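The values are calculated or read from the model by the stated rules, or taken from the named source; none is laboratory data. Remember, predicted model here, so these are calculated numbers, not experimental data. A quick note on method: Cβ atoms are made from the backbone with ideal geometry, for glycine too, and the neighbour counts reach across all protein chains shown.
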C-alpha cells in the first residue's frame, strides 16, 4: 500500500500500451493518469505534481524530447522515464541529455518497468529528504549546495539537470576517490544492472562540458581501465 499516493503520468499514444501500463501500475497501488498525445501530456504535467512521468518520444502534436526539455525548464527534480521503441544509443543519449532520468526500450517486461519506477522513486525520495540538510561541498572553484540543489563554478551557475547534479554531488562528496562505472551507475542511477548504454560515459561528458564551459581546467579525470575521479588536472585525459 506504500504506493497508494504515488501519482504517475503516462504520455504515450499507443492505447494498448497505455492500458497495459495502467492496469499493472493500478494493481500495484499507483494512481495513473494517461495522455494519448504530447500536447495534452505536457499540459497535464503543469497542472499536477506527479511523482514520476513515463514519456514516449514519438508522439503526436509534441514529441517527447520537446516535452522533457520544457518540463525541465520549470521542474528539475520530477523523475522522467523514457519508454520508447527508439532504442539506439543515439536516441538514448538524446533522451537522457534532454533531462530524462532513465530509458526503457520497447518491447519491455512489466517487472522491469516497475523496477525502474521504484528505483527512480527511491532516488527522488532520498533527494527530497536531504533538502532539509544544509550541506555545502567545495572542490577547487566548484561549489555544490545540497540544500538548494545548486552547483556553481567560479560563482556561475552550471545549469545541471537532476542526473548531472547527482553525478557531480557523488564526485564532490569523495574527491580523489576513483569511482568505477558500476559504482556510479548504482549511486547515481540507483541500478546495478546493465541498462543498455554507456550512460555513465555520456553523462561524464555532459558534466565536463558544463563545468569546463568557462574554465577549461578539467577536474573530472579519466583513470584508464578503472573509471573516473574528481581531482586536480595533472595530466590530459
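Cβ-Cβ under 7 Å, sequence separation 6+ or interchain: first residue in region 51-76 and on the phi > 0 side of the Ramachandran plot, partner part of a loop (DSSP other than H, G, I, E, B). Which pairs?
From region 51-76, the pairs are 61/37.
Filter region 160-175 for residues that are farther than 14 Å from residue 203 by Cα and outside any helix (DSSP H, G or I) and give the result.
Result: 174, 175.
Kindly establish whether residue 123 is modelled with pLDDT under 90 and under 22 Å from residue 174 (Cβ atoms).
The answer is yes for residue 123.
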